[in-house]
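Quick note: the coordinates plus some simple rules give every number you see, no bench work behind them. These numbers come from a predicted model, not from an experiment. For neighbour counting, all protein chains shown are included, and Cβ atoms are generated from backbone atoms with ideal geometry for every residue, glycine included.
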Amino acid sequence: MNVTKESVTNTEVTLTIAMDADDEEPFLNRSYRRVASRVRIPGFRPGKAPRSVIENHMGREALVHEALEFMIPESLDQVLKDEEIQAFMEPRLEVLGMEPVSYKAVVPLEPVVDLGDFQGIRLDRELVEVTEDQVSEVMENLRSEAAPWEPVERPLSYGDLVSMNVKGIIEEEEVINDQGIDFIPQEDNNLPFPGFSAQLEGMLEGDSKLFTLNVPDDYPQENYAGKECQFNVEILSLKEKNLAELDDEFAKGVREGFESLAALTEHVRQRLSDEGEANETRRLEQSSLEELKKLAKIEASELVYQRELDLMYEERERSLQNQRMNMELYLSYVGQTEEELREQMKPQAEDRLNTMLILRKLADVEEIEIEDEDVEEEITSLISSTGGESDAAMRQALSTQNAKDSIRSTLINRKIMARLVDISQGKESSKTGQDSTEINPESGSEAETVEDSLPTEEASE
């Protein structure tokens, strides 16, 4: 093979590779065997026709085309090995000629990442304080969640549960026709249109009312935006929450039960504190990452960024498919071309890739690793958190290589972010054991809310 380096930069190498006859021959023999197995030549059994006969029948070019599938990647792998070039991702290939085969390969190299003076990042950790108003709000939410809905004979108020028939007409088109629908009017509820809840206030069971509302100018369905909607509402029933007293008996009925109202209150206060600390940790993670991104300098091949954009576009397609929508329909709905959508996604793709490269570099510099034992411990923890149902099936699902790779990626991201927060707080790393970078289960994921930790009996109507 004749190999020419057309250009070499910090981020990519461009190679021109010309095959000679001796290089091509082994690949053409493989191509011949593949073609011979599926081509019928009169007088020969399938796969038994000599190569010369196949070439005369189909032409040598057909064998060459068949061979390109494995000739180019295998020859390129050998060239990269011989030239001691480590590709960061799949090269971009272009066939230049067929007689003999020649092609160009643009090979992206490992991006160059300079983190700058990241050890100098400093952020203040804000003090988390739990107020009595916060505790009271949670207690009232728990009280409301536990309360049953009971019929009431009085004018409708915000927060009531109302069953009603609703019709809505826009320019003689019936756009809403809901019978026996349940609805909770709220002052800040703008559904179906702003002002709907306010129109219901004061109505009685059995009442009917006609009224008109303006559809907002920015309504998603443009054919309705800015027009008037005529409503006809009939109230079928009204219910309100029957709130229990906040006392020891109430506390005993909250999930596993608390011995007293004081014990429940203290639990709520501790959960609020834990949640506040978790939120503050996430704020520090995000802020320290943004500071790191400001300091970092990245050199990467444009092909690397193009591949990240392709991945994001494919992810969008899969997401749409899960919603039973294809990309063509989506583009028509948002009024964009594929090129316009890709251009819109480009900054996000660049930021995502840069973030990944920066964090990977930080993991390397700080010698952050995840051992197999860490992955197994996480699997065990995930299984135990499900409540013990279908443990065997879940362990089997989490024991695949793809699942383990995903778990490993999650764990190392947690550890990297924990180390970054420690850096922002001026904590030194032990490098060997990473004592200061213990995995925080709440880091990188939504922390359990106070109400989640204190579920009550299901509200009953």
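Hey, can you rank 52-61, 186-195 by average C-beta count inside 10 Å, highest first?
Result, highest mean Cβ count within 10 Å first: 52-61, 186-195.
How tilted is helix 261-295 with respect to the longest principal axis of the chain? Cα atoms for both, answer in degrees (0 to 90, nearest 10).
Helix 261-295 sits roughly 30 degrees off the main axis of the chain.
Starting from the Cα gyration tensor of the range 149-241, multiply each eigenvalue by 5, take the square root, and state the resulting semi-axes largest first in whole Å. Let's see the in-between values first.
Details: eigenvalues 122, 36, 21 Å².
Semi-axes (√(5λ), whole Å): 25, 13, 10.
Of K48/K81; K294/K415; K104/K293, which ones are farther than 32 Å apart at the Cα?
On the way: K48/K81 36 Å; K294/K415 21 Å; K104/K293 35 Å.
Flagged as over cut-off: K48/K81; K104/K293.
Expressed as an acute angle from 0 to 90° and rounded to the nearest 10, what is the orientation of the C-alpha long axis of helix 60-82 relative to the principal long axis of the chain?
80 degrees
Tell me, what is the Rg over Rh of the range 261-453, with Rh the Kirkwood radius over Cα pairs? Working shown, then result.
Numbers: Rg = 20.4 Å, Rh = 19.9 Å.
Rg/Rh for the range 261-453 comes to 1.03.
Could you sort the peptides 62-69, 122-129, 208-215 by per-residue average Cβ neighbour count (10 Å cutoff), highest mean leading? Could the numbers behind the result be given before it?
Numbers: 62-69: 17.9, 122-129: 11.2, 208-215: 13.9.
So the peptides 62-69, 122-129, 208-215, ranked by packing, come out 62-69, 208-215, 122-129.
Evaluate E = 1/(1 + (r/R0)^6) for D351 and N190, where r is the Cβ-Cβ distance and R0 equals 25 Å; express this FRET efficiency to the nearest 0.05. Numbers along the way, then the final one.
Numbers: r = 33 Å, r/R0 = 1.30.
Once rounded, the FRET efficiency stands at 0.15.
If you take the charge dipole of the chain about its Cα centre, with +1 on Lys and Arg Cβ and -1 on Asp and Glu Cβ, which of N402, I176, L238 is farthest toward its positive end?
N402
Can you give the alpha-carbon Rg of the chain over 2.2 N^0.38 Å, where N counts its residues? Before the final figure, lay out the partial values.
On the way: Rg = 32.9 Å, N = 461, 2.2 N^0.38 = 22.6 Å.
So the Cα radius of gyration is 1.45 times the expected 2.2 N^0.38 Å.
Under a 5 Å amide H to amide H cut-off, with H placed in plane at 1.01 Å, what residues pair with V101 once short-range neighbours are removed?
Under 5 Å from the amide H of V101: M19.
By its C-alpha gyration tensor, with a ≥ b ≥ c as the square roots of the eigenvalues, how is the range 2-110 shaped: rounded for a/c under 1.5, else prolate for a/b larger than b/c, else oblate?
Working: a/c = 3.32, a/b = 2.79, b/c = 1.19.
Verdict is prolate for the range 2-110.
What do you get for the angle between helix 401-424 and the principal long axis of the chain? Use alpha-carbon atoms, 0 to 90 degrees, nearest ten.
Between helix and principal axis, roughly 70 degrees.
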